[in-house]
Amino acid sequence: MNQTATMYLSRHAEGRPPSSLKHPAGVLTAAFVSAGICLLVWHTLPGALDSLNRMIWGEYVNAFPAWMPQVFNMFFLIYVVGSLFPFLFFVGLILLPDRTPVKNVSLPFVSIIIPSFNEQANIANCIESALALDYPAYEIIIVDDGSSDETLAIASEYDVSVISMGGNRGKAEALNHGIEKAKGELIFFTDSDSSLDPMVLRHLVGGFTEPSIGAVAGMVLPKHNSGYLLKMQMLEYLYGQCIIKVAQLKSGGAVSMCPGPATAFRRSVLMEIGGYRSRTLAEDFDITIAMLELGYRAVYEPKAVAYTSAMTSWKGLNKQRLRWSRGHLQVYREHRGLMFSAIGGSIGMFWLPWSLFFGYGSAFVEMAFLVAYPLLVIFSLQPLLFLQLGLVYMLILECISAVQGMVPLALARKLTPSLAFATFTTQPYRIFLSYRRIVAYMQEMQQRQNTW
């Protein structure tokens with residue numbers, strides 16, 4: 001990190017970091033307004049809830065011990081600080097003005113690299129969508145990482161370059177092998193279980209408007225949203241992109257992660273970084289931060305869309321999220337020198353610390369609440385009263401959470417009745433994700449093995 005920082009400072013000694021705050025006054029205004037709204041909610045909502053309880057339960061409310069509302073007010077305060085304030089702040093950031101850059105009009109040769117491992121069910125659709133792209137000059141390279149099914153045979157039936165690694169050597173090495181064979185000035189990566197929008201390359205290539213832009217990330221969406229799990233993943237993906245990524249881009253001019261299914265890199269930047277590394281389970285996150293350390297930045301283009309095969313079973317989701325969470329923790333460890341550092345601009349000063357401490361800290365707080373709540377019910381000596389009082393609080397918080405889910409749906413123009421209703425049912429999914437983060441943290445502390 002010290003050597004990287006020295007390289008960065010020597011390159012940008014005369015200028016600001018590429019991802020420094022674009023609108024400092026606007027960011028501060030968003031923070032103060034969000035804090036003001038949260039204070040208003042904190043001061044007014046408990047009284048409104050008390051009135052609502054009296055309307056529902058009548059004089060029965062007088063039987064509630066004085067400590068019961070205080071307990072729920074404490075939980076409500078935690079929610080306001082940990083969930084409502086960040087949401088309002090990020091919405092404030094996405095409302096910041098943004099200078100519309102002049103799109104890159106050149107259409108250089110692009111290499112598409114698709115790593116694959118046991119994807120016989122999806123590889124054909126992925127290749128066919130890549131062959132149907134609206135772009136004048138590109139090549140497709142399939143890198144099979146020792147699949148034991150028919151993936152390699154299916155890929156070989158198409159007019160694409162196919163590379164066999166001979167054995168399972170890991171996704172990072174497969175990607176690097178593809179980079180070695182690539183001829184393009186720009187290299188586009190996607191996953192073998194993804195399908196591409198025909199215009200994805202044109203939109204991504206158009207995003208390379210400045211030499212400091214080393215990568216352009218696209219939007220990733222689940223292919224389907226039927227069923228509870230797929231709906232929850234759709235809501236999660238949209239929040240992370242329509243809210244988080246746009247807030248990062250509007251406030252600091254860069255995003256912290258380039259997704260595997262839809263990202264284009266400058267080949268020269270990949271060579272300068274040294275390619276992908278197998279030191280983490282989140283190679284896309286790792287290489288984005290490594291690029292940031294060298295003074296380049298990644299931007300976001302929501303018009304460049306890739307559709308991924310989201311998990312349809314709890315078992316598959318459990319394995320995927322455990323791998324992702326552990327990979328993120330590994331990236332935080334590898335790039336810990338960037339935390340609270342001006343080298344990374346707004347990404348290093350705010351977004352990385354926030355995603356680590358709030359992302360994983362809130363998981364422990366939520367699990368603590370789930371343990372404490374039934375204990376409070378049991379030992380309150382008045383469990384029915386406690387449940388009655390808590391019911392109104394939980395319903396109000398769930399309604400506020402639903403609004404947080406509907407905003408990205410509206411921004412993405414996907415606010416259908418079924419998805420709108422799904423925003424009221426996110427609590428089990430959030431609990432599951434929090435639990436997997438805690439398990440990932442424990443496994444990472446124990447240094448257990450995991451693979452892609």
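Confirm whether Ser268 is of a type in the set (S, T, N, Q), at pLDDT 90 or above and closer than 26 Å to Ala182 by Cβ. Here the answer is yes, as Ser268 does meet what is asked.
Number of residues in the range 287-324 that are in contact with a Gly (Cβ under 9 Å, 6 or more places away or on another chain), without any contact (Cβ under 8 Å) to a residue 60 or more places away in the chain and among the polar types (S, T, N, Q) equals 0.
When the residues of the range 399-428 are narrowed to those that are in contact (Cβ under 8 Å) with a residue 24 or more places away in the chain and over 22 Å from the mean Cα position of the chain (by Cα), which ends up surrounded by the most Cβ atoms within 10 Å (Cβ to Cβ)? Looking at the filtered set, the residue picked out is Cys399.
When Leu221 is tested against (1) under 14 Å from the mean Cα position of the chain (by Cα); (2) closer than 22 Å to Leu88 by Cβ, exactly one condition is not met: (2). Checking each residue in the range 404-443 for being aromatic (Phe, Trp, Tyr) and either in contact with a strand residue (DSSP E or B) (Cβ under 7 Å, 6 or more places away or on another chain) or over 21 Å from Val91 (Cβ atoms) (or both) picks out Phe421, Tyr429, Phe432, Tyr435, Tyr441. Residues that are under 19 Å from Ile287 (Cα atoms), surrounded by fewer than 24 Cβ atoms within 10 Å (Cβ to Cβ), free of Cβ contacts under 8 Å to residues at least 12 places away in the same chain and not charged (D, E, K, R): does the range 192-208 have at least one? Checked the range 192-208: no residue is under 19 Å from Ile287 (Cα atoms), surrounded by fewer than 24 Cβ atoms within 10 Å (Cβ to Cβ), free of Cβ contacts under 8 Å to residues at least 12 places away in the same chain and not charged (D, E, K, R).
Just to be sure before I move on: is Met165 over 22 Å from the mean Cα position of the chain (by Cα), modelled with pLDDT under 95 and in the same structural domain as Ser256 (by TED's automatic domain parsing) in the structure I sent? Yes. Arg323 meets the conditions (1) at pLDDT below 90; (2) closer than 22 Å to Met232 by Cα in every case but one. The failed one is (1). Among the residues of the range 304-318, those identified as surrounded by fewer than 22 Cβ atoms within 10 Å (Cβ to Cβ) and either more than 17 Å from the chain's Cα centre (by Cα) or in a loop (DSSP other than H, G, I, E, B) (or both) are Ser309, Met311, Thr312, Ser313, Trp314, Lys315, Gly316.
All of (1) under 17 Å from Ala215 (Cβ atoms); (2) under 14 Å from the mean Cα position of the chain (by Cα) hold for His328 with one exception: (1). Give, as residue ranges, the helices (runs of 4 or more DSSP H) completely inside the range 235-299 that count at least 2 residues that are assigned by TED's automatic domain parsing to the domain that holds Asn176 and small (Gly, Ala, Ser). In the range 235-299, the matching helices (runs of 4 or more DSSP H) lie at 246-252. Set side by side, the residues Gly327, Gly337, Gly252, Gly275 differ, and just one is surrounded by fewer than 24 Cβ atoms within 10 Å (Cβ to Cβ), closer than 24 Å to Gly206 by Cα, in contact (Cβ under 8 Å) with a residue 24 or more places away in the chain and small (Gly, Ala, Ser), which is Gly275. Scanning the range 214-246 for residues that are buried (at least 22 other Cβ atoms within 10 Å of the Cβ) and more than 29 Å from Leu84 (Cα to Cα) turns up Gly214, Ala215, Val216.
Note on the range 73-191: enclosed strands (runs of 3 or more DSSP E) holding 2 or more residues that are touching a Phe, Trp or Tyr at 6+ places or on another chain (Cβ under 9 Å) are 110-116, 138-144, 186-189. For Ile78, the stated conditions do not hold, so it cannot be described as touching a helix residue (DSSP H, G or I) at 6+ places or on another chain (Cβ under 8 Å) and modelled with pLDDT of 95 or more. Kindly check whether there is at least one residue in the range 191-206 that is in contact with a Leu (Cβ under 6 Å, 6 or more places away or on another chain), closer than 30 Å to Thr416 by Cβ and not hydrophobic (A, V, I, L, M, F, W, C). Checked against the condition, which is being in contact with a Leu (Cβ under 6 Å, 6 or more places away or on another chain), closer than 30 Å to Thr416 by Cβ and not hydrophobic (A, V, I, L, M, F, W, C), the range 191-206 yields at least one hit. On inspection, Ala363 qualifies as farther than 21 Å from Ile94 by Cβ and not assigned by TED's automatic domain parsing to the domain that holds Ser256.
The values are calculated or read from the model by the stated rules, or taken from the named source; none is laboratory data. Small disclaimer: the values here were computed from a predicted structure and weren't measured. Every residue, glycine among them, receives a Cβ derived from its backbone with ideal geometry; neighbour counts consider all protein chains shown.
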